[in-house]
Amino acid sequence: MQTFSAVTLTVLLLISLSTTTDAHNITHILDKSPEFSTFNHYLTLTHLAGEINRRQTITVCAVDNAAMSALIAKGLSLVTIKNVLSLHVFADYFGSKKLHQITKGSTSTATMYQATGEAPGTTGYVHITDVKGGKVHFTPEDNPTQTVLYVKSILEMPYNISVIQISEILQSPEAEAPTSAPDLNLTSLLQKDGCKAFYDLLSTSGAIGTFLSTVDGGITVFCPSDDAITAFAPKYKNLTAEEKTSLLLYHGVPIYNSMGMLRSSNGLMNTLATEGAKKKYDFTVQNVGDDVKLKTKVVTAAITGTVIDDEPVALYKIDKVLLPRELFKGTAEADEPAAAPKAAKKKKKAAKKGDNADAPGPDSSEDDYGGGDAADQTASSGGRLVASAFTVLCLALVFV
């Protein structure tokens, strides 16, 4: 019986190890093939490489140096080249086998260009057709006369990343449309598109200095709407100067998070208020489809718009002021039912003792997310699988 249990646990160990997701690095993958050096260089130059490395289910359509030379010869701006190359990154896994076994011979897939929100309508989609003779064609949504051929598979890590070669650049009139370089001046960005009231608070408190000093290394700012700031003003006035600064810094994250990254990640996120503080000052990113919400233990805010999303700066509008549990425990603005009768309040007191624990995130189990920042979910999920496998191995050794 002990032998049987040990064998069973060993099998479980092997299964656990086999499900561990390996991180990928598109730069290293393409470094092995000099014929893609120009494509590889522009992935880095446009910061697309970082986006690709953060995603877990993706296909990269690489083109050789000759095809890239034709693109560069058009004299497009770097921002426009980023849009064009974004069209070559599919938000789904397509290995060689899948490409040649497409249901009904044809399908459409969204690209990173579509995911960024830069593509008008559905122009960020690419049609894939498995034609006779083992050939596969790729056609941009807004250029139905172009036919680009599948050449070969460069690397496949099912179902994490597939890197394939296609015969030429996918030509999209919308992706190639002239695009001016974005304004990355955080000061000017915060003074428009409904963020003026938030900017005024940052300026008067002095917290703006911390935001500006973080820009070069990457920053994500969640700006409450002017209406949200106005509604919150009475409570804001009752805070001390130190608490006001912590509250405002709570709306900034010291790394760049594109909308695509936020939509593909769920988990805890540290803030500018976390650094140097004795308390956590973190919140949870939670998304369903294209909707992204930020959940503290006190309030849930939704992202309602994008002011700028261009590395290293991302600035999003939200519908509520983020209230950290470190400052607003038990506030009436919590997204939960009002307090229950007195008997229930006694239970609350008992629960408050548990509030001194270091466990971050919402109380309910459905809102408990392990792992670190949103950008690190791939690594943390892999770590949890390895930890589970290690536990199984230890159990197996006990039974032997």
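The values are calculated or read from the model by the stated rules, or taken from the named source; none is laboratory data. Everything numeric in this text was worked out from a predicted model, so none of it was measured. FYI the Cβ positions are ideal-geometry reconstructions off the backbone, even for glycines, and counts take in every protein chain you see. Keep in mind that these areas ignore ligands, DNA and RNA; they rest on the heavy atoms of the full protein, side chains included. Shrake-Rupley method; radii C 1.70, N 1.55, O 1.52, S 1.80 Å.
In table form, for the structure just shown:
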quantity: Listed residue (219, 239, 187) projecting farthest to the positive dipole end of region 181-261, Cβ model; calculated: 239
quantity: Debye, to nearest 20: dipole size of region 85-185, +1 on Lys, Arg Cβ, -1 on Asp, Glu Cβ; calculated: 660
quantity: Rounded accessible area of residue 239 (nearest 10 Å², 1.4 Å probe); calculated: 20
quantity: Loop-located trypsin sites (Lys or Arg not before Pro) in region 129-186 whose Cβ has at most 14 other Cβ within 10 Å (DSSP); calculated: 135
quantity: Distance between modelled label sites at residue 212 and residue 238, nm, 7 Å Cα→Cβ extension; calculated: 3.3
quantity: Accessible-area ranking of 157, 259, largest first, probe 1.4 Å; calculated: 157, 259
quantity: Quarter of the Cα convex hull surface for region 193-344, i.e. its orientation-mean projected area (nm²); calculated: 9.7
quantity: Most to least accessible of 192, 279 (protein chains only, probe 1.4 Å); calculated: 279, 192
quantity: Which listed pairs, of 82/320; 196/280; 82/280; 82/132; 237/278, have C-alpha distances above 25 Å, in listed order; calculated: 82/320; 196/280; 82/280; 82/132
quantity: Protein-only accessible surface order, largest first, of 230, 57, 284 at 1.4 Å; calculated: 230, 57, 284
quantity: For region 23-129: span of alpha carbons on each principal axis (Å, largest first); calculated: 38, 33, 26
quantity: Förster radius 25 Å - calculated FRET efficiency between residue 306 and residue 157, Cβ distance, rounded to 0.05; calculated: 0.20
quantity: Shape call, region 83-161: gyration tensor on alpha carbons, a/c limit 1.5; calculated: oblate
quantity: For region 225-311: rounded, prolate or oblate by the Cα gyration tensor [a/c cutoff 1.5]; calculated: prolate
quantity: Rounded to the nearest 10 Å², the accessible area of residue 96 at probe 1.4 Å; calculated: 40
